Amino acid sequence: MDDLPEEVQELIEELDEAAEDEDEDTIKELTQKLLETGADVEAITLKKLSILVMDGEEEMTRGWTEVAIQIGIDPFKTLIEGLAAGMSLIGKKYEQGEAFVPQLLIASAAMYSGMDLLAPYMKQDENSNSKPVTVVIGTVEGDVHDIGKSLVKTLLSANGFNCVDLGNDVPASRFIEAAKENKATAISMSTLMTTTMAEMPKVLNLLENEGIRDKLLVMVGGAPITAGYAAQIGANVSPHDAASAATWLKESIVNFPSESVRWD
Amino acid sequence: MVSEMTSKERVLAMLDRKPVDRVPVMTGSAMVKEYIEKSGSSWPDYHCDAEMMVNTVSLMHTDAGLDNIVLPFGMFIESAALGLEVKMGRIDIQPSVRSFFSKPEEVNYDNFLENKYVKTTLEAIKLSKEKYPDAAITAFLVAPITLTGDLMGAENLSMLSIKCLQKEKQMQKMQDWLSKALEINRIYAEACVEAGADILYYSDASASPNLVMPEFYYQVAVPAEKEIGDFVHHLGCPWELHICGDTVPIIEGMASTGADCLSVEQAVNMKEATKIAGDVPIVGNVTPLLMVEGTEEQIIDETRKGLDSGAKGSMLGCGTPPLSTSDRIRTWVKAAADWSAENL
């Protein structure tokens, strides 16, 4: 942004202020002025959105999403190259030990605040050919801790996965039902407590008993879960954190049979 | 060579940084299914029946040989007493808090001490003090940041913890919540000490670097923990501080709260932590799951590793898992005694 003309930079700063104040009229007016400068407003907006989400600036993310809508950027492009890109940036920083959970949470809130504004426009594009890969996600029965699971969900969503969120305190049978109903590609289970770890093998045993274990990839995670434990109970992986869960799943689905081959 | 001590003398000497006859072995929460059944207690009655509670938790002392008796079983008492929704779990799952307030003004603690779970805890402290005068009677309490998280929701706490460092208005909001938590902490602490608790054990799980940034811990949590800690000292009682996760980045702050000892979990490099904490004793950091499925060799190795690295007492990294077995707990206690015989 530093190499932009001074006039453009000033308008961007004014837009930031208007967005923070949630002043919709001023946002519209400034967006028009920005367009009149001849600058590449689409590129500026996408870049701004990714930085604002990374920094967890909820109000400003909403404001710049309004800019994106006003100038007519494809909503899917705004989502992927703006909002989700910002979530991936903070996810990578977290993976490298350069960011903490609160930063992920405020980034996540910022991303969803922008997505809420985009939602009505995205519905018009539902006839797209590409169907996102579905992941059934939840915290196991007896555990009400949501934060870790929600972060995995956010980062999976930011990477284009469709997450069926079962919430927390989820009975083993519910994971199986949801996987079947949604013809899921993966199940992601989490627990923060040693006391509820034993719920995870219950899910894997049910998958075996139902004869659908090979139709799904199974990720297990949470503070007490180790790679050794994942292997012991027959899960595919225990990613180190939310960001690596998304990275692992993206890589793993490349050679995984498609939904139609597995479920039909 | 220090002459033989009672469990209570041993724990208090360690907290007072004095020599001990053997390192104390201590627990946090102790809702152990085997002991619940052995004592004839029944779920969920043992949460609100002082006699059942004492009969169960005292087995950790009389049967397994631990030096403290810890009451109550879980970190839900304060929230339940404030009217928040609590799911009572099962015999092998601890109760958990399921709701939170939307603003600090909703928090009403006028009748806090009249709540059945609070009353049970206080009665159980009195009863265990009478029945087991040689054990270190320990009240298990929710520390200020974690209680703030219970009041406003843990995710909201985590998000506000970063926003409050950036904006004064958000900091005021944080302090409004925190002051409620501290007031509740004071009421409960005073009642526990009055009931006869030898030690107050504060768990500040939500002050962990897993949930909030170290910068927040130093700027907001340390003053809050110090405030309640000073209050407890003023009542004439020592206190311990437990925080989950890898707490090495905040150990210096934990040591500065005035806590008489710090409890850390298995993710912590004990050698590094004890070096940073200086003369503030650290206890820990045996993996809790070993009490459920660990081999004798694993339990002995982890116990010795912690003590070799400078721990002044052996403790599990978190509460005692409900499915722990008494033979494994006894193996752990023996490992600490054997280490003491060789090294003290």
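The values are calculated or read from the model by the stated rules, or taken from the named source; none is laboratory data. Computed from a predicted model, the values in this text were never measured in an experiment. Please note: Cβ atoms are built from the backbone with ideal geometry, for glycine as well, and neighbour counts cover all protein chains shown. Heavy atoms of the whole protein, side chains included, go into the accessibility calculation; ligands, DNA and RNA do not. Shrake-Rupley method; radii C 1.70, N 1.55, O 1.52, S 1.80 Å.
Summary table below
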| read-out | value |
| --- | --- |
| A:Glu17-A:Ala231 FRET efficiency (beta carbon distance; Förster radius 51 Å; 0.05 resolution) | 0.45 |
| Helix-only [θ]222 nm of chain B, DSSP H runs n ≥ 4, -39500 (n - 2.57) each, per residue, nearest 500 | -14000 deg cm²/dmol |
| Occluded residues from segment B:195-222, i.e. those whose accessible area drops by 20 Å² or more once the chain is not alone (1.4 Å probe) | B:Pro209, B:Asn210, B:Leu211, B:Met213, B:Pro214 |
| Where labels lie 7 Å past Cα in the beta-carbon direction, separation of B:Met88 and B:Leu344 in nm | 4.1 nm |
| For segment B:77-200: accessible area per residue (Å², 1.4 Å) | 40 Å² |
| Residues in segment B:183-204 reached by a label modelled at B:Lys119 [backbone nitrogen below 19 Å; 7 Å Cα→Cβ] | B:187-196 |
| Extension reserve of the B:Glu105-B:Arg330 stretch, reckoned as 0.36 nm per residue once the Cα distance is removed | 76.3 nm |
| Average beta-carbon neighbours from other chains, 10 Å sphere, peptide A:103-112 | 3 |
| Portion, in percent, of the accessible area of the protein assembly as shown that falls on carbon or sulfur, probe 1.4 Å | 48 percent |
| By accessible area with a 1.4 Å probe, ligands and nucleic acids excluded, highest first: order of A:Met200, A:Met54 | A:Met54, A:Met200 |
| Net +/- balance of residues flanking B:Arg22 in space, Cβ distance below 13 Å, scoring K and R +1, D and E -1 | -3 |
| Theoretical FRET efficiency, 1/(1+(r/R0)^6), r = Cβ-Cβ of A:Asp3 and B:Lys167, R0 35 Å, to 0.05 | 0.70 |
| Solvent-accessible surface (1.4 angstrom probe) belonging to A:Phe175, in square angstrom, nearest 10 | 0 Å² |
| Per-residue mean of C-beta atoms belonging to partner chains within 10 Å, peptide B:290-300 | 1 |
| Gain on full stretching of the segment that runs from B:Glu183 to B:Arg98 - 0.36 nm per residue minus C-alpha separation | 28.4 nm |
| Cα centroid separation, segment A:1-63 to segment B:289-344 (Å) | 58 Å |
| Within 10 Å of each Cβ in A:147-154, the average number of Cβ atoms from other chains | 1 |
| Summed buried accessible surface, chains A and B, 1.4 Å probe, nearest 100 Å² | 1900 Å² |
| Intensity falloff of the protein assembly as shown expressed as log10 I(q)/I(0), Debye formula with alpha-carbon point scatterers, at q = 0.05, 0.06, 0.09, 0.10 Å⁻¹ | -0.25, -0.35, -0.76, -0.91 |
| Heavy-atom accessible area order for B:Tyr188, B:Tyr132, largest first, 1.4 Å probe | B:Tyr132, B:Tyr188 |
| Cβ charges +1 (Lys, Arg) and -1 (Asp, Glu), total dipole of chain B, debye | 320 debye |
